[in-house]
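**Q** Take this structure first; my questions come after.
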Amino acid sequence: MALGQRLEIRQGQSLVMTPQLQQAIKLLQLSNIELAEYCEAELEKNPLLERDESAPREAERETVERENPSEKADESLAREDFSKLAEMDNSAQENLYDPDPAEAVASSQPLTDWTTLRSGGRFEGDEDLLESTLAAGGTLKDHLEAQVAIAALLPDDRLICMALIDVVDEAGYLRADLGEVAQRLGTEIEDVEAVLGVLQGFDPVGVGARDLAECLSLQLKARDRLDPAMAALLTRLDLLARRDMSALSALCGVDAEDIADMVAEIRDLNPKPGLAFGTEQVVPVIPDVFVRVGPDGAWLIELNSETLPRLLVNSRYYAKVSGSARDKDSKTYLTDCLNNANWLVKSLDQRARTILKVASEIVRQQDGFLTYGVRHLRPLNLRAIADAIQMHESTVSRVTSNKYIATPRGLFELKYFFTASIQAVNGMESHSAEAVRDRIREMIENEEGRDILSDDRIVSLLTADGVNIARRTVAKYREAMRIPSSVERRRLKAGA
């Protein structure tokens, strides 16, 4: 068969994600802190964007009721979905997100930002927030560096000590391999070990330990209580955790009374000495959505205006500078800035509407949890929410990532309300995995005396309540909640 070259024209369809669409999808999954940082970066590089400093008017606050959340939403956006925007042709995307620059110039009013449409204030009595009580204090690193300054160390050893302090965590443990530290500093591992010994002599006692046994041994050595029997006990802390006193007695070569005294000494030690010092301030979680009970008993859902960036497009400034632009590059730059600014504001608006829509549907689906508690949490997955609000599952997944909702029952991540389904006995309504975990926790907490519930006994009790669950599932949930086995719990109560 002869080979040759020829030209062909083919028509086909393909899914193309424009940079603007990629930006909109990225904004949808950002947390409120990441979104604020992103908008700050856009404000710095886009001269047509500006921050709206005016406070939202109380009369323009809009809330959504639980019964009919779709009626309160904008009907024109009821079926818009980020996951389906790529299927639109280029002209439709330009009309929706990139308006004609001439139209933007003709408008005497800047684009309205989302916070003038939706705003969520604080609940009554929230004036004393956690951040107002935070105070800066000296950290463990500062405390150790101050001791380095007065320690009699050679310049090279001081450099090694500072490097070791950098890898000490908040609890006071050394979280690095000494070989890697020596290789990074270009020195011998023996020198690093020698300096580590100096660091472990700093205050607080036990700092610089590489594991719990070494931390406890440093504290016992400072008290002159690290005898051979105690050293042997520290090598098998797993036996101590299981309260296997007979095995510890045989290991240490002492009787049960001495083991009890040694255990009492260990209890008096501090397993995390570094936590006595101040740490970096923890930024409290700020909810994206508020849920509260309305006057008529319905659930009211509103966005938190404090987490919504307030950006406006300065079309007047664009009209002013575009009129004085002479060269083609300047005009192109200004047009790109205007289009990017318009798209960003519309993407933020769409993001807020989508979050509100998803949160409203979650509240509707989990009404029993908000009213009665975790026992009434229903099994829920992404598809159920996506089908209800006519969006794609990937969109719902992005919306619920790193988003938090404040309810009368506490602050929860939106993903908390999506739980697996556990079948019920005799074809009854399924139970959510979170509700079953709560039942297991309550059963174990209410154990009386020596009546310790085994996993098989828990399965029997749950089956009697209509929950069809396997023993391995009970064990998995118990271990996830860090609850010891029945054997370990019996030892704990015997030694209490």
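**Q** Between residues in segment 12-30 that are assigned by TED's automatic domain parsing to the domain that holds VAL396 and residues that are of a type in the set (S, T, N, Q) and in a loop (DSSP other than H, G, I, E, B), which pairs lie under 8 Å by C-beta distance while being six or more apart or on different chains?
**A** From segment 12-30, the pairs are GLN29/SER401; GLN29/ASN402; LEU30/ASN402.
**Q** Same structure again: Checking the condition basic (Lys, Arg) and either touching a His at 6+ places or on another chain (Cβ under 7 Å) or on the phi > 0 side of the Ramachandran plot (or both), which residue from ARG316, ARG243, ARG326 passes?
**A** Result of the check over ARG316, ARG243, ARG326: ARG243.
**Q** One residue is enough: does segment 208-216 have a residue meeting the conditions in contact with an Asp or Glu (Cβ under 8 Å, 6 or more places away or on another chain) and either modelled with pLDDT of 90 or more or in a helix (DSSP H, G or I) (or both)?
**A** no
**Q** So which residues in segment 217-228 are among the aliphatic types (A, V, I, L, M), buried (at least 16 other Cβ atoms within 10 Å of the Cβ) and either part of a helix (DSSP H, G or I) or not assigned by TED's automatic domain parsing to the domain that holds VAL205 (or both), if there are any at all?
**A** LEU218, LEU220
**Q** Would it be correct to say that TYR404 is touching a Lys or Arg at 6+ places or on another chain (Cβ under 7 Å) and within 25 Å of LEU370 (Cα to Cα)?
**A** It is false that TYR404 is touching a Lys or Arg at 6+ places or on another chain (Cβ under 7 Å) and within 25 Å of LEU370 (Cα to Cα).
**Q** Filter segment 364-388 for residues that are in contact (Cβ under 8 Å) with a residue 60 or more places away in the chain and β-branched (Val, Ile, Thr) and give the result.
**A** VAL374
**Q** Please indicate, with yes or no, whether at least one residue in segment 164-175 is in contact (Cβ under 8 Å) with a residue 24 or more places away in the chain, over 23 Å from ILE266 (Cβ atoms) and crowded, with 17+ Cβ neighbours inside 10 Å.
**A** Yes.
**Q** I'm trying to understand the selection: among the residues of segment 229-257, which are of a type outside the set (A, V, I, L, M) and either assigned by TED's automatic domain parsing to the domain that holds SER486 or within 25 Å of ALA171 (Cβ to Cβ) (or both)?
**A** Within segment 229-257, the first condition is being of a type outside the set (A, V, I, L, M), and the residues that meet it are 235-236, 238, 242-244, 246, 249, 252-253, 255, 257.
Result: THR235, ARG236, ASP238, ARG242, ARG243.
**Q** Then there is this: Could you tell me how many of the residues in segment 5-52 are in a helix (DSSP H, G or I), closer than 22 Å to VAL396 by Cβ and not aromatic (Phe, Trp, Tyr)?
**A** Going through segment 5-52, the residues in a helix (DSSP H, G or I) turn out to be 19-29, 32-45.
Subsequent filtering for residues that are closer than 22 Å to VAL396 by Cβ retains 20-29, 32-35, 38.
Keeping just the survivors that are not aromatic (Phe, Trp, Tyr) gives 20-29, 32-35.
Total satisfying the criteria: 14.
This table checks each residue for (1) at pLDDT below 90; (2) of a type outside the set (A, V, I, L, M).
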position: SER322; (1), (2): yes, yes
position: LEU356; (1), (2): no, no
position: ALA359; (1), (2): no, no
position: ASP367; (1), (2): no, yes
position: LEU377; (1), (2): yes, no
position: SER397; (1), (2): no, yes
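**Q** Follow-up question, since we're still on this one. Given segment 377-469, what helices (runs of 4 or more DSSP H) lie entirely inside it while holding 2 or more residues that are assigned by TED's automatic domain parsing to the domain that holds SER360?
**A** Here the list reads 382-389, 393-400.
**Q** Is there a residue being assigned to a loop (DSSP other than H, G, I, E, B) and under 25 Å from LYS272 (Cβ atoms) anywhere in segment 160-168?
**A** Taking every residue of segment 160-168 in turn, at least one turns out to be assigned to a loop (DSSP other than H, G, I, E, B) and under 25 Å from LYS272 (Cβ atoms).
**Q** Looking at segment 237-265, which of its residues are outside any helix (DSSP H, G or I) and touching a helix residue (DSSP H, G or I) at 6+ places or on another chain (Cβ under 6 Å)?
**A** Across segment 237-265, the qualifying residues are ARG242, ARG243, VAL254.
**Q** Further question on the same structure: Conditions first: (1) surrounded by fewer than 13 Cβ atoms within 10 Å (Cβ to Cβ); (2) farther than 19 Å from ARG243 by Cα; (3) not aliphatic (A, V, I, L, M). ARG439 passes all but one, so which condition is the exception?
**A** In the conditions (1) surrounded by fewer than 13 Cβ atoms within 10 Å (Cβ to Cβ); (2) farther than 19 Å from ARG243 by Cα; (3) not aliphatic (A, V, I, L, M), ARG439 misses (1) alone.
**Q** Of the residues that make up segment 448-457, is at least one surrounded by 15 or more Cβ atoms within 10 Å (Cβ to Cβ), of a type in the set (A, V, I, L, M, F, W, C) and either within 30 Å of LEU28 (Cα to Cα) or within 32 Å of the chain's Cα centre (by Cα) (or both)?
**A** No, there is no match, as no residue in segment 448-457 is surrounded by 15 or more Cβ atoms within 10 Å (Cβ to Cβ), of a type in the set (A, V, I, L, M, F, W, C) and either within 30 Å of LEU28 (Cα to Cα) or within 32 Å of the chain's Cα centre (by Cα) (or both).
**Q** Restricting to segment 470-496, name every residue that is in a loop (DSSP other than H, G, I, E, B) and either of a type in the set (A, V, I, L, M) or closer than 28 Å to MET428 by Cβ (or both).
**A** If the condition is that a residue be in a loop (DSSP other than H, G, I, E, B) and either of a type in the set (A, V, I, L, M) or closer than 28 Å to MET428 by Cβ (or both), then ALA470, MET481, ILE483, ALA496 are the ones that fit.
**Q** In segment 429-458, how many are closer than 23 Å to LEU380 by Cα and not small (Gly, Ala, Ser)?
**A** 10
**Q** Another question, then. For GLY208, are the conditions met, namely being surrounded by fewer than 20 Cβ atoms within 10 Å (Cβ to Cβ), on the phi > 0 side of the Ramachandran plot and not β-branched (Val, Ile, Thr)?
**A** Considered against the rule, which asks whether it is surrounded by fewer than 20 Cβ atoms within 10 Å (Cβ to Cβ), on the phi > 0 side of the Ramachandran plot and not β-branched (Val, Ile, Thr), GLY208 comes out as no.
**Q** Step by step: first the residues of segment 346-376, then only those that are in a helix (DSSP H, G or I) and among the small types (Gly, Ala, Ser), then the one that is nearest to the chain's Cα centre (by Cα). Which residue is that? Lay out the reasoning, then the answer.
**A** Within segment 346-376, the subset in a helix (DSSP H, G or I) is 346-365, 367-372, 374-376.
Okay, now just the ones that are also among the small types (Gly, Ala, Ser), so 347, 352, 359-360, 368.
Working: SER347: 23, ALA352: 19, ALA359: 17, SER360: 21, GLY368: 25 Å.
Once the filter is applied, the top-ranked residue is ALA359.
**Q** In the set ASN314, ASN339, ASN270, ASN304, which member is assigned by TED's automatic domain parsing to the domain that holds LEU237, among the polar types (S, T, N, Q) and either within 30 Å of TYR173 (Cα to Cα) or in contact (Cβ under 8 Å) with a residue 60 or more places away in the chain (or both)?
**A** Just one listed residue meets the conditions, ASN270.
The values are calculated or read from the model by the stated rules, or taken from the named source; none is laboratory data. Remember, predicted model here, so these are calculated numbers, not experimental data. Every residue, glycine among them, receives a Cβ derived from its backbone with ideal geometry; neighbour counts consider all protein chains shown.
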